[in-house]
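Engineer: Let me begin by handing over the structure; questions about it come next.
Coordinate-derived values only; no laboratory data. What you are looking at is a predicted structure, and each value in this text was computed from that prediction instead of being measured. Backbone-built Cβ (ideal geometry, glycine too); neighbour counts: all protein chains shown.
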There are 2 protein chains.
Amino acid sequence: MIMLDRGIVERLVRDALSKQLEAPQARGRPEEPAGSVPKLVVNVSARHAHVTQEDLERLFGKGHQLKPFKWLYQDGFFAAEETVTVIGPRQRIIPNVRILGPCRDHSQIELAFTDAVALGLDLPVRKSGDHRDSPGAWMMGPAGMIRLERGVIRHERHVHMGPTDCDHYGVKDGGRLHLRIKSDCGAVLEDLLVRMAPASKLEVHIDTDEGNAVNYPRATKFELFK
Amino acid sequence: MIMLDRGIVERLVRDALSKQLEAPQARGRPEEPAGSVPKLVVNVSARHAHVTQEDLERLFGKGHQLKPFKWLYQDGFFAAEETVTVIGPRQRIIPNVRILGPCRDHSQIELAFTDAVALGLDLPVRKSGDHRDSPGAWMMGPAGMIRLERGVIRHERHVHMGPTDCDHYGVKDGGRLHLRIKSDCGAVLEDLLVRMAPASKLEVHIDTDEGNAVNYPRATKFELFK
């Protein structure tokens, strides 16, 4: 598992480099005047966890606060310095699962199917916070271990957007859009969930399985349509 | 790596079970009278190797012959009992990579991007036999180890078909078709390569990354279109 983890980290680094070095235009068009096509950003979310403040303190100690490690594209959200080890059935673990901040009102672990298979879990595809029929797992931190009764999910791919973007695409919160990814193994990911919030920037989140399937690091174009 | 390998095997077993138990109609329509829509089968190819008879003997000993372990959907082709260990750069290995038979006139290793990342290789997407710009690797068998100078590829997803299927879809060998996979995270895989051969049965091959991206085991419908 450590080898897989290093590999995914490497791929993410490669993604980040390709974003900056190879084809910046492929990741999102440059800012354009108001009224024109919104700037579309597509990012791959690697496996990660969300925790409540209470669970954070059980894992890292009384009064512990998440420390931002890297700010994410959506304002106010960050990858934290803190990571946990996720323990599944059959003595299998995935170490170094990063916590995203800030803390939430529910703890949740988001894995790709490849991760879930490695852990021995059968996951439902769910939007954040919907834990119906989802398995649990143990989370281990330096100060303690907690049992998540449920909340391990494959996070349904989705697109964050604000009200202006919703108007542009003619959708509402909870609506659906398709994403075309052009590459040497391109695809249309169908029925992406629209998640509208007033402060959100237009950004699609796919997971590492989807990113690997479509050769995300070498994608030449992204297109969001109804 | 062994954990990942076991996981993929488990997923394949789960796939096979779901094929038989859950939704046989999802894997391909039942046989229909001649002249109607052809029966479409979609299968996930896990990582595997092809070898020349010469390389086989270097790996398994003088005069060795591949032993069929499981017959594949295409007549005459089989997963062999023989497996090799693939060794990439940086002391990383993937054990138990199955050889598919019969022997070919070139040796080749086909990996998903997830495997390639785990091995530390950057792969091109190529059709079988096209080894342009592809990296090499070491292959280890019980009788010896060989260096493949190149030929490690992500096999481009493709659809096998015979002349009658080509007529039905209005394509020729080397043409392109799209595959829609309906599931709770469905997608249209665009521009599948058409590989026509007189004796081929209609069958799409996608890899484990694509299978995981679209939740193949729970797919409810496959549709091939131009």
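Engineer: Calculate the dipole size of region A:180-226 relative to its Cα centre from +1 charges on Lys and Arg beta carbons and -1 charges on Asp and Glu beta carbons; express the result in debye to the nearest 20.
Structural biologist: Values: 7 positive and 8 negative charges, 57 e Å.
Magnitude of the dipole: close to 280 debye.
Engineer: Within the set of other residues whose C-beta is less than 14 Å from the C-beta of B:Cys166, count the net charge using Lys and Arg as +1 and Asp and Glu as -1.
Structural biologist: Cβ neighbours under 14 Å give a net charge of +1.
Engineer: Now a separate question. Suppose every Lys and Arg Cβ carries +1 and every Asp and Glu Cβ carries -1, with no other charges. What dipole size does region B:131-225 come out with about its Cα centre, to the nearest 20 debye?
Structural biologist: With only Lys, Arg, Asp and Glu charged at Cβ, the dipole is about 100 debye.
Engineer: Now a separate question. Compare the Cα positions of B:His168, B:Thr114, B:Gly129 along the charge dipole of region B:83-168 (+1 at Cβ of Lys, Arg; -1 at Cβ of Asp, Glu; about the Cα centre) and return the one farthest towards the positive end.
Structural biologist: Working it through, the farthest residue towards the positive pole turns out to be B:Thr114.
Engineer: What are the semi-axes of the equivalent ellipsoid of region A:73-224, taken as the square roots of 5 times the eigenvalues of the Cα gyration tensor, listed largest first and rounded to whole Å?
Structural biologist: 29, 19, 14
Engineer: Separate question: Run the simple label-point estimate for B:Asp122 and B:Phe77 please: 7 Å along Cα→C-beta, distance reported in nm.
Structural biologist: Those two pseudo-labels are separated by 3.0 nm.
Engineer: Where nothing but the Cβ of Lys and Arg (+1) and of Asp and Glu (-1) is charged, how large is the charge dipole of region A:58-212 around its Cα centre, in debye to the nearest 20?
Structural biologist: The calculated dipole for region A:58-212 is roughly 480 debye.
Engineer: Hey, another quick one. Using the Kirkwood radius over C-alpha pairs as Rh, can you work out the diffusion coefficient of region A:62-136 via Stokes-Einstein at 37 °C, viscosity 0.692 mPa s, in µm² per second?
Structural biologist: The Stokes-Einstein estimate is 237 µm²/s.
Engineer: Follow-up. Once amide H atoms are built 1.01 Å from N in the peptide plane, which residues 5 or more positions from A:Ser183, or in another chain, come under 5 Å H to H?
Structural biologist: Close amide H contacts, sequence-distant or interchain: A:Thr220.
Engineer: Additional query: If you take the beta carbon distance between A:Lys182 and B:Ala143 as r and set R0 to 45 Å, what does 1/(1 + (r/R0)^6) give as a FRET efficiency, to the nearest 0.05?
Structural biologist: So the FRET efficiency works out to roughly 0.50.
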